[in-house]
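Q: Pasting a structure below so you can have a look.
Rule-based calculations on the coordinates, nothing more; no lab input. A quick note: this is a predicted structure, and the numbers were derived from the prediction, not measured. Every residue, glycine among them, receives a Cβ derived from its backbone with ideal geometry; neighbour counts consider all protein chains shown.
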Amino acid sequence: MNDISIRKSQLIVDKIWHEGGPALKEPRLRGAILTVIKNPFAGRYVEDIQPFMKPLEQLGVGMARELAEALGGPKAVQSYGKAAIVGLAGELEHGALWHAPGGYSMREVLGGTKAIVPSTKKVGPAGARIDVPLHHINAAYVRSHFDAIEVGIHDAPKPDEIVYILAMGTGPRVHDRAGGLKASEIKGEDGQR
């Protein structure tokens, strides 16, 4: 149970200069890292699956470090999210195992962030895509950082695999102007405001 069998991983970095308005001098970065692993529970019901979260912690920390570095280092990251796509021989709960390891790994790498890490999960075939929600790392109510990145891998997950995903961004949406709490107004007391 402690061994994680990784088949492949993928690192994606979007560089966004504009969304139809004025172009930025430096692009905003939004990225994701996807790791495809063998699902140790595929094809059968297992009551106690929580012990598998422990080995996922190390996987998560490695993924978070690699993604943060690709975006300019932990200090550059302002938003985050996580997701999982479970192959058809698995169940949604196998994706839910990523909640704690995926979230805490980013908190560790980014230096003790306050906001909850938004997430999503699904069961799907190879090539399935998923929108990974993003929001500010220290305050969930900062509307300028509400975003998402769509990801997927053409040959994953196979029925007996899981794709675990972390996503991060280096700032707000390029042309944010929907109002609300600004990042500069964060109090940082409760992870919300």
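Q: Quick one: order L166, L88, L134 by neighbouring beta-carbon count within 10 Å, fewest to most.
A: Arranged by neighbour count, lowest to highest, L166, L88, L134 become L88, L134, L166.
Q: Here is a follow-up. At a 10 Å Cβ-Cβ cut-off, how would you order Y104, Y164, fewest neighbours first?
A: If I rank by nearby Cβ atoms, fewest first, I get Y104, Y164.
Q: Continuing with this model, one more query. What angle, in degrees between 0 and 90 and rounded to the nearest 10, separates the Cα long axis of helix 99-110 from the longest principal axis of the Cα atoms of the chain?
A: Tilt relative to the chain: about 40 degrees.
Q: Filter the chymotrypsin sites (Phe, Trp or Tyr not before Pro) in segment 24-85 down to the DSSP loop ones having no more than 16 other Cβ atoms within 10 Å, then list what survives.
A: Passing both the DSSP loop test and the Cβ count: Y45.
Q: Across segment 32-40, in residue order, what do the Karplus-derived ³J(HN,Hα) couplings come to in whole Hz, using 6.51 cos²θ - 1.76 cosθ + 1.60 with θ = phi - 60° and x for Gly and Pro?
A: Once rounded to whole Hz, the list reads 8, 10, 10, 10, 9, 10, 6, 7, x.
Q: Cβ under 14 Å from Q192's Cβ, Q192 left aside: what net charge do those residues give with Lys, Arg +1 and Asp, Glu -1?
A: +1
Q: Please arrange K158, K187 by how many other C-beta atoms lie within 10 Å of their C-beta, fewest to most.
A: K187, K158
Q: For a label point 7 angstrom out from the Cα of H154 toward its Cβ, which stretches of segment 30-48 have the backbone nitrogen within less than 20 Å?
A: Inside the label zone: 32-37.
Q: Here is a further query. Taking the Cα atoms only, what angle lies between the long axis of helix 53-70 and the longest principal axis of the chain, rounded to 10 degrees?
A: 40
Q: On to the next question. Per-residue counts of other Cβ atoms within 10 Å, averaged by peptide: what ranking do you get for 8-18, 140-150, highest first?
A: Final packing ranking: 140-150, 8-18.
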